[in-house]
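*Asks:* I have a structure I would like to understand better, so I am pasting it below and will then ask my questions one at a time.
Please treat every number below as a calculation from the coordinates, not as lab data. A quick note: this is a predicted structure, and the numbers were derived from the prediction, not measured. Please note: Cβ atoms are built from the backbone with ideal geometry, for glycine as well, and neighbour counts cover all protein chains shown.
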Protein chains: 2
Amino acid sequence: MKLTKLPLVAALSLLVLSSNAWAQSTKRLIDEVNPFIGTSNFGTTNPGAVVPNGLMSITPFNVSGSPELNKFDKDKRWWSTPYTADNKFFSGFSHVNLSGVGCPELGSIIVSASAGDLDVDYTHYGSAMSEEKAHPGYYSVQLNKHKIKAEVTATQRTAVSAFTFERGGKSNILVNLGLGLTNESGATVRFLNDSTIVGSKLMGTFCYAPQAVFNQYFAIRISRRAPASGYWKKQPPMEGVEAEWDKDQGKYKIYPTYRKEISGNDIGVWFSYDTKPGETIYVQTGVSFVSEENALLNLTTEQPKLDFAAVRRAAEDSWEKALRVVEVEGGTTDQRKIFYTALYHLLIHPNILQDVNGQYPMMGSLQTATTKHDRYTVYSLWDTYRNVHPLLSILYPRKQLAMVETMLDMYKEGGWLPKWELYGQETFTMEGDPSIIVINDTWQRGIRDFDTKLAYEAMLKGATTPGKDNKLRPDFDDYASRGYVPLREKFDNSVSHALEYYIADWNLSQFASAMGKKKDAQLFARRASGYKHYYDKETGLLRPILPDGKFLTPFHPTLGRDFEPNPGFHEGNSWNYSFYVPHDIRGLAKLMGGERKFVDKLQSVFDKENYDPANEPDIAYPYLFTYFPKEAWRTQRITSQLLSKYYRNEPSGIPGNDDTGAMSAWAIFSMLGFYPDCPGSMSYGLTTPTFDKVTIHLDTKYYKNPTLVIETRPVDEHTNRQRIYFDEFQIGNKLYKNTYRINHDELMNAGKITFFTKLVGGTPEITVD
Amino acid sequence: MKLTKLPLVAALSLLVLSSNAWAQSTKRLIDEVNPFIGTSNFGTTNPGAVVPNGLMSITPFNVSGSPELNKFDKDKRWWSTPYTADNKFFSGFSHVNLSGVGCPELGSIIVSASAGDLDVDYTHYGSAMSEEKAHPGYYSVQLNKHKIKAEVTATQRTAVSAFTFERGGKSNILVNLGLGLTNESGATVRFLNDSTIVGSKLMGTFCYAPQAVFNQYFAIRISRRAPASGYWKKQPPMEGVEAEWDKDQGKYKIYPTYRKEISGNDIGVWFSYDTKPGETIYVQTGVSFVSEENALLNLTTEQPKLDFAAVRRAAEDSWEKALRVVEVEGGTTDQRKIFYTALYHLLIHPNILQDVNGQYPMMGSLQTATTKHDRYTVYSLWDTYRNVHPLLSILYPRKQLAMVETMLDMYKEGGWLPKWELYGQETFTMEGDPSIIVINDTWQRGIRDFDTKLAYEAMLKGATTPGKDNKLRPDFDDYASRGYVPLREKFDNSVSHALEYYIADWNLSQFASAMGKKKDAQLFARRASGYKHYYDKETGLLRPILPDGKFLTPFHPTLGRDFEPNPGFHEGNSWNYSFYVPHDIRGLAKLMGGERKFVDKLQSVFDKENYDPANEPDIAYPYLFTYFPKEAWRTQRITSQLLSKYYRNEPSGIPGNDDTGAMSAWAIFSMLGFYPDCPGSMSYGLTTPTFDKVTIHLDTKYYKNPTLVIETRPVDEHTNRQRIYFDEFQIGNKLYKNTYRINHDELMNAGKITFFTKLVGGTPEITVD
């Protein structure tokens, strides 16, 4: 996914380790989460309140309105998050936000408070912010200008904000429907009664996909009836004599008495009070993507009464329960925070979409349907097929099942499996046919209680529909007839497209086999080997092919770093893609001249800074050394280095966009010691685990053993240095030597796996300094 | 009411008379209406389709978008009408329009059609217009650019447009919700199904009264399902890099698939077709000021099926029936057109507000209530109390009764009688306490079946509430304590305010007497004589008084012509107001030094061009001579001159803003031969009627005789010149000599009144050349 990187410190420093073990048994795991991780360095995560996979998220919005207090402004550059730790000008809490994405969307319905006379211009009522606290399901901040403490918590579909007016006196609640992260515009709102408003705002220009629009409905209830309330609207400017007559033109017009619908590009609702010192006013907000009625129903169902503390407690409990699926012992405070925050970020998206009555907007059509399983949305599948869904299948298989069921429902509703789905709309962001991979991967892991016949039909549609009718594979004809996609336009990402089709078709081949469709399996397996067309002996890399069958010349393999456009590749250069044949690493190695040449070339990616730790095409590269046992120490060294360098307990502690959890999933797998470098294949590359002991509680509906324990001795007692290498591990009574890959079933059924670690690795043996 | 005048030709030319009598018996009266009268010279009437007092009016909108084809642009100057005969750039048909007002409002929901590729920018799809035809309840125009014939007709609450695509091929229907005459902004709309949309647009900054806002709801049904349809929205402009990424920024974005609510400042809906040559597509539109549901209910009730011809026929029949209340014989073609068009304009406002189910928005509150009688809206009472309501009481007493009942309901709902009410909102435009006058006048005329107790209570509220709580009389305290309103701010219109209070209180005194409230009657009669405070012996005129009791110095009695601001007077100068004491003309004459001085001074108003025929304060001046029988020939001469000069069968044929019928009512009364120069008093000034014979069909619920016939011989057979003078008239067997005023009951019960006309009048006898 698109991101813009801050320059990163290249130096690799040793971890500062805590000296004694951590007794985690009585401590709450939610206390190990630092929601500020990822809120700088373009991580684009949010510190606000959300429950696991909740539709509602409420987060501070601080990316507009003050060049003085803000380092970044949403309108001055590519910007995709409502909050950054780099900024200090608070405009309110936005309701429903995307976490870890690279394109601006949502981040609207912005509720705030102010003290003093009513002023509805957010550049005026916005305030310097301080004393931020964030905890799963809870966030608070001090609004310095107004001496207001602002706190928020959330349920699945609702939020509640508490504004405490420390000084009392003139006080205002402000609901801003004009400001927002989305580049769409226009809202409508009306008073349902004195204390309740309902309305909707248009969203959806994600990644500047102009047609993936949808409406966010909301219902907002104020805890105290306001003596004065009304709307505001920025009036269009007038010119000449008209401008003299209309005192509101070009300004925020205040409507103190009008109560029916108001609509416009930049509108809002205000409530004014005379508060007592220390008085708290609460704002309860329900949202829906179906209707105003459902937004209100969600609100009255999930918050039948006003009880901020109870909502917060429930939110915390839901996180505690979700996180406790993995219990770790040992590691440093920072490592635990990094780990549990990554797990927290894994559980943001996809999030549920259905209302409390089961209704949701159907894929594409915007018609309403009712679901029996959780209906999910926000499928950033190009990112998440690689590791998020495999990890969900391991830790939360029932969620993963509902996600697959949702994908099949989307096919039934919209005619296609999703690619980058957002609130019922296909944004067609990124490339490939990723749903195939997710569904096969899920099935291969033993989560099979979905409609496999329908799934196969759906997969075949993307894999076989010719011509322009193929919405998922726009270059299907070329791909099917030639076995590759030629470069037909300068920046058509043709090689990236084809590489995604190969891994998708390899998965489809696996699934076809499982379904007993031998001929299909052969066809798709054959297609999956088409990557060889791109192999250029001259450079030893994958290289774009022109329509006449010749390689693109000139060819600059390093062109394309940092999202620089380059022919044939999307968000990367040839180095970032040339090893992306996860289903045939041995075949690729052979093509590249054998193991030695392959390994040297792969190592050079890291040595010559052609590795991008913040984008998906190459994130499994570190694990590819495990295919060659003698070289597996490189995996162990590199993952240790990457974890240490890029994953930190601080706002900039994610290497770039979290990509709806893909970066976090990389960290989780890498800290646990195994990685699904080829999704759909049940083989993991292994690396040295981070913690002394990890207990994964497995769902016995899908896994034989209730737990998988991973034991390690990662810290050397004498030197206090990290033992980042291993050559041996043990399962039961069986000792594995020089084995660096393991099968899924074997691992899941192990009960316990013990890694024997050491300070040195490789030949000649080396250490990390 | 505010208007801006075009320079008027000063010359007075004789009427060109048709040589033979007109047999009107078989001809339809609707054919005598020319809806283009008043559509230039700031008459601000509309040529479009409307039924008598209908909520719906649909009219061509041609006041924006083309400096080349339009002489006037709504945004370049004070402009208050959706249409002018001076312009030729058609942007569509606006639904619900104000007729004859001086401030911009409504004129929105603009439906049009285009040929060729879809272009939603009205400056592009707008077209030169030609071949206009207007007839009561029907209007058609040729859209030259697109070779489309566009026709409209209306029911009470709905309209239907017919667009005939002469060439066929690519064809579009466009519903523009951004463009409009109103200075408010913002609309919302959604597809109910493929062929039906519903939504609302905010209205209400009438006369730049910022808070008198209200929503206009609409439901629009297209006769043919469109193969392609969707929304558009003008996207807010972006700057810098964002502007490069978002191809829609600052432009009209097209939404071809999205179907749920869309909201914004400048939005619209389009339907695209491939039509056959000559194919007609119909657009049926219902409106409501209560809800979308009611707009749809109005549509499905009043147009259960699509039948343009039937709707047109019904509209014409309703006009024919309404106009046939007065049947004229004789007169020129132009005179008949002027007369029946004035009668047509009399029946535009107030118009009904309630939906087919009786629901309407309550006064001020925007809550919904249900009415049993017709609920009226658009009360321009400062204009209409003088002659519109007296005329309605004579010709359409049941309508007038419902209008009074509505005013009393407004008092019950909003706490105050109306002043300038617009769609349930009090705009507080102009001054005075005009409802008192309307209600008393109605009662005095014998229309008494309303709640007089409530009426009296309501009247007293404005007349007795002290301080700032008095919403109708903001300067009540001064007025009550001093007997006049001193000038406290430069342009506070203080004298105009007080003059309005005097005539209101004189009416209240009459009503109090009728209610048996003697003491009250005395109090208000005393107040009504307070005008004497303003009489300045030095200038012989009414003159502003400063808070210290002294007259304003310097004082420029002629300052204030043509709406030039001037201290103490509103929309006029001291000359326009100094005779405005209609309830005590004899007292005023005494003050001014007796009959001779009074008459000379009054005559000088006309001679020195201090008379404004296009605004209300002085429009009864011509009739004041009738108080002095020897001078009544002046009335006859002046009304003849004014009718001839300012009322013409052409677009500029109303002297200025029609003021929701006040100018038209002046013409009707003047052509009939009598005028209510003091509303509330049942005494008329007489002048020479225009037609050979007029038969007024009276409502026998209120009037003893079913008809009143007015016979005249206005044309001299020998010279073919108009006999504009009379000194004698006859009722039954009684001949009245040198009598120029008549009592209401006497006239209404006359059965027949015959005027004996002559070519010369006055002493010495004079003629008009």
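*Asks:* What percent do you get for the relative contact order of chain B when only Cα pairs under 8 Å and 6+ apart count?
*Replies:* With pairs under 8 Å counted, the relative contact order is 13 percent.
*Asks:* To continue, here is another question. Kindly list the residues of segment B:120-141 that lie in the label zone of B:Asp73, defined by a backbone N under 20 Å from the point 7 Å along the Cα-to-C-beta vector.
*Replies:* B:120-129
*Asks:* Return the long-range amide H neighbours of B:Thr332 (sequence gap of 5 or more, or a different chain), with a cut-off of under 5 Å between placed amide H atoms.
*Replies:* Close amide H contacts, sequence-distant or interchain: B:Ser18.
*Asks:* Using the scaling law 2.2 N^0.38 Å as the reference, what is the normalised Cα Rg of the protein assembly as shown?
*Replies:* The protein assembly as shown yields a ratio of 1.14.
*Asks:* Oh, and also: Just the C-alpha atoms of segment B:551-608: what Rg/Rh do they give, with Rh taken as the Kirkwood radius?
*Replies:* 0.99
*Asks:* Pull up all non-local amide H partners of A:Val715: gap of 5 or more, or a different chain, and H-to-H distance under 5 Å with H placed in the peptide plane.
*Replies:* For A:Val715, whose amide H was placed from the backbone, the distant partners under 5 Å are A:Arg723.
*Asks:* Calculate, in whole percent, how much of the Cα-Cα pair population of chain A lies beyond 35 Å. If you can, show how the numbers build up before the last one.
*Replies:* Details: 135957 of 295296 pairs.
Summing the P(r) tail past 35 Å for chain A gives 46 percent.
*Asks:* Can you give the convex hull volume per residue for the Cα atoms of segment A:470-586, as a whole number of Å³?
*Replies:* Hull volume normalised by residue count: 108 Å³.
*Asks:* Please work out the ratio of the alpha-carbon Rg of segment B:602-692 to 2.2 N^0.38 Å and round it to two decimals.
*Replies:* Normalised by 2.2 N^0.38 Å, the Cα Rg of segment B:602-692 equals 1.02.
*Asks:* Using a label point 7 Å beyond Cα on the Cα-Cβ vector, give me the inter-copy distances for A:Thr707 in nanometres, one decimal, shortest first.
*Replies:* Distances between equivalent label points, in nm: 10.9.
*Asks:* Something else now. Along each of its three principal axes, how wide is the spread of alpha-carbon positions in segment B:107-210, in whole angstrom units, largest first?
*Replies:* Largest to smallest, the principal-axis extents are 45, 32, 27 Å.
*Asks:* From the helices alone, meaning DSSP H stretches of at least four residues, give me the mean residue ellipticity at 222 nm for chain A, per-run term -39500 (n - 2.57), in deg cm²/dmol to the nearest 500.
*Replies:* -7500 deg cm²/dmol
*Asks:* Return the FRET efficiency for the residue pair A:Ile766, A:Tyr535: r is the Cβ-Cβ distance, R0 is 45 Å, and the value is rounded to the nearest 0.05.
*Replies:* Result of the calculation: an efficiency of 0.90.
*Asks:* Quick query: amide H of B:Tyr138 versus all other amide H atoms, modeled in the peptide plane; which residues come in under 5 Å with a sequence gap of 5 or more or a different chain?
*Replies:* Here the answer is B:Val50, since their amide H atoms fall under 5 Å of that of B:Tyr138.
*Asks:* Work out which GluC sites (Glu not before Pro) in chain B are exposed loop sites (DSSP not H, G, I, E or B, at most 16 other Cβ within 10 Å) and give the longest gap free of them.
*Replies:* Values: sites that count: B:Glu68, B:Glu166, B:Glu239, B:Glu489, B:Glu538, B:Glu609, B:Glu717, B:Glu765.
Counting only loop sites that pass the neighbour cut-off, the longest clear stretch is B:240-488.
*Asks:* Hey, another quick one. ³J(HN,Hα) across segment B:722-731 via Karplus (A = 6.51, B = -1.76, C = 1.60, θ = phi - 60°), whole Hz, x for Gly/Pro?
*Replies:* Ordered by residue, 3J(HN,Hα) equals 7, 8, 8, 10, 8, 10, 9, 9, 9, 10 Hz.
*Asks:* In whole angstrom, how far apart do the alpha carbon centroids of segment A:72-99 and segment A:216-251 sit?
*Replies:* 24
*Asks:* Taking every pair of alpha-carbon atoms in segment B:324-756, give the share separated by more than 43 Å as a whole percent. Write out the running numbers ahead of the final one.
*Replies:* Working: 8593 of 93528 pairs.
Pairs farther apart than 43 Å: 9 percent.
*Asks:* Ok, one more. Over all alpha-carbon pairs of segment B:27-319, lay out the pair-distance distribution in 10 Å bins, whole %, shortest bin first.
*Replies:* 7, 30, 38, 20, 4, 1, 0
*Asks:* Using the basic label-point model (7 angstrom from Cα toward the beta carbon), what is the A:Leu192 to B:Asp562 distance in nanometres?
*Replies:* 5.7
*Asks:* If you plug each phi of segment B:561-575 into the Karplus form 6.51 cos²θ - 1.76 cosθ + 1.60 with θ = phi - 60°, what whole-Hz ³J(HN,Hα) values come out, in order, with x for Gly and Pro?
*Replies:* Using θ = phi - 60°, the values come out as 5, 6, 6, 5, x, 7, x, x, 10, 10, 6, x, 10, 4, 4 Hz.
*Asks:* Continuing with this model, one more query. Within chain A, which whole H helices from DSSP have a Cα span along their axis of at least 20 Å and a mean Kyte-Doolittle hydropathy of 0.0 or more, if any?
*Replies:* Counting only whole DSSP H runs, the qualifying helices are A:494-514.
*Asks:* Could you derive backbone 3J(HN,Hα) for segment A:371-380 from the dihedral phi with the Karplus parameters 6.51, -1.76 and 1.60 (θ = phi - 60°), listing whole Hz in sequence and x where the residue is Gly or Pro?
*Replies:* 3J(HN,Hα) across segment A:371-380, in whole Hz: 10, 9, 9, 4, 9, 9, 9, 6, 9, 8.
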